[in-house]
Amino acid sequence: MLKVAIITIGDEILIGQIVNTNSSWIAQKCVEIGATIIEHCVVGDNEKHILEVLKRTFDVSDVILITGGLGPTRDDLTKPVLTKFFGDELIFSDEVLQWIKEYYFKRGINEVTERNKNLAFIPKSCTPLKNSVGTAPGLLFEKEDKAIFAMPGVPKEMQHLMKEYVIPYIKNKIERQKFPTHIFRVLQTCGIAESVLADKLAGIEEILNGVNLAFLPSYKGVRLRIDASGEDVFQVESSIQKVVDYIRSKIGNYIFGEGEISLAQVVGDLLSERNETVAVAESCTGGLLGGEFTNIPGSSRYFLGGVIAYSNEIKERILGVEKEVIQKFGAVSQETAKQMAENVRKLFNSTYGISITGIAGPEGGTKEKPVGTVWISLSTADKVIAKKFQFGDDRHINRERSVGAALTLLYSYLKNIEI
């Protein structure tokens, strides 16, 4: 296997001020093309510590991917440390300066600051990598058939360099040196708990035969990762496909897609195909469901908008929920949820209306309606469906689960399946 080590540099990551999403994203992309991740390491802005990590990982890796520390300020140590690690020297690159000028010009800035001009100083032995979405270039070092890539820590810049340079480099290295293949598939499920999923797949061990199956639960669903390794690509893919076919035969209705696709994207694609639209009425989720739809580029084709009706007054005045209904049944009830869904559909003239009303917590629960009680409703032209859910006592989790349940309700209706 081609072995990859991921090093993230920065005190802000080390002390938890910023979540290390870069490392997760990089690892996923590397594994997708057949590489093996042997280590994730976070190191602060300390020259000695960075050097120690570089020396250790260089001995055991084929490729090292570094993010962070390439900026123009005094705490950006990645470039000088790599210069020292390779016994190199910094030289001024007119090519890199031209890249920086081009980036500035696109933003309507005609003059490069002296500080940013310093970004054009690069180690003599490295290959600079053009950063079209930022100023700091990426750096590629090659020695002893090993490679070190240094990339900015800004996610958008890192992802650009990964797609343009790193992923093609790793794929080529795997093919050229005939590393054993590592292939994986991910099945996305919704509307089923991890424990129930495991029960439905009982007996799968008999057909795995070297294929690995992992359950990866989240608040919105469970991902199933199926992976295997070997030198014969056809044989590996065949073994994985056998397991995938078995899983689909057992839980097909619960599988909404493969890879990293989201349920919101799948629902959006279904709505687009049918030339249909949706609007939302949210209480306890405060716009999270609408946000889930609008995270998808092009969602304006099917998502018309929504109302955040957090107070009873807004439920009544904007959404037209009857005051008597709220007084008799409560804001968190089947009756209120149904009127919210029906009226938001009419308000936006959409094909579907979805509503969420619940007690997210940590306060507000009663014996009859404890924290975690959520009603979700779906309104169509000819029917209104409402489902009650009893989640836990964590506010954040309850809100996330509510969004997942709402998307699942619409998905199952569009697919005409029972979930």
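Here are a few things to note about the model shown:
- Verdict on K117 being among the basic types (K, R), surrounded by 12 or more Cβ atoms within 10 Å (Cβ to Cβ) and either touching an Asp or Glu at 6+ places or on another chain (Cβ under 9 Å) or under 22 Å from I13 (Cβ atoms) (or both): no
- Residue within region 97-110 that is modelled with pLDDT under 90, surrounded by fewer than 16 Cβ atoms within 10 Å (Cβ to Cβ), farther than 20 Å from E157 by Cα and not acidic (D, E) present: yes
- Subset of region 260-309 [within 22 Å of the chain's Cα centre (by Cα) and small (G, A, S)]: S262, A264, G268, G286, G287, G290, G291, G298, S299, S300
- If you go through region 22-36 and keep only what is at pLDDT below 95 and among the β-branched types (V, I, T), you end up with V31, I33, T36.
- Note on region 35-66: residues that are in a strand (DSSP E or B), in contact (Cβ under 8 Å) with a residue 40 or more places away in the chain and in contact with a Leu (Cβ under 9 Å, 6 or more places away or on another chain) amount to 4.
- Residue list for region 1-10, restricted to those being surrounded by fewer than 19 Cβ atoms within 10 Å (Cβ to Cβ) and modelled with pLDDT of 95 or more: K3
- Some residue of region 347-365 being within 18 Å of N312 (Cα to Cα), surrounded by fewer than 20 Cβ atoms within 10 Å (Cβ to Cβ) and touching a residue at least 60 places away in the same chain (Cβ under 8 Å): yes
- From the list V133, V112, the one residue that fits, being β-branched (V, I, T), in a loop (DSSP other than H, G, I, E, B) and within 32 Å of the chain's Cα centre (by Cα), is V133.
- Top-ranked residue in region 79-103 [being within 27 Å of Q177 (Cβ to Cβ) and in contact (Cβ under 8 Å) with a residue 40 or more places away in the chain; ranked as nearest to the chain's Cα centre (by Cα)]: L82
- Among the residues of region 43-65, not a single one is closer than 23 Å to Y165 by Cα, modelled with pLDDT under 95, touching a Lys or Arg at 6+ places or on another chain (Cβ under 8 Å) and surrounded by fewer than 21 Cβ atoms within 10 Å (Cβ to Cβ).
- Region 215-232 - residue that is touching an Asp or Glu at 6+ places or on another chain (Cβ under 7 Å) and in a strand (DSSP E or B) and, of those, surrounded by the most Cβ atoms within 10 Å (Cβ to Cβ): V222
- Some residue of region 189-197 being free of Cβ contacts under 8 Å to residues at least 24 places away in the same chain, outside the structural domain of G69 (by TED's automatic domain parsing) and farther than 18 Å from E32 by Cβ: yes
- Boolean, V344 is closer than 20 Å to I192 by Cβ, modelled with pLDDT of 95 or more, assigned by TED's automatic domain parsing to the domain that holds V280 and crowded, with 17+ Cβ neighbours inside 10 Å: no
- Every pair of residues 6+ apart whose Cβ atoms lie under 7 Å, when the first sits in region 156-172 and is closer than 16 Å to N131 by Cβ while the second is in a helix (DSSP H, G or I) and not small (G, A, S): M158/N22; Q159/W25; M162/I26; M162/K29; I167/K29
The values are calculated or read from the model by the stated rules, or taken from the named source; none is laboratory data. Since the structure is predicted, the reported quantities are computational estimates derived from the model, not experimental observations. In this analysis, Cβ positions are derived from the backbone assuming ideal geometry, glycine residues included, and neighbour counts consider all displayed protein chains.
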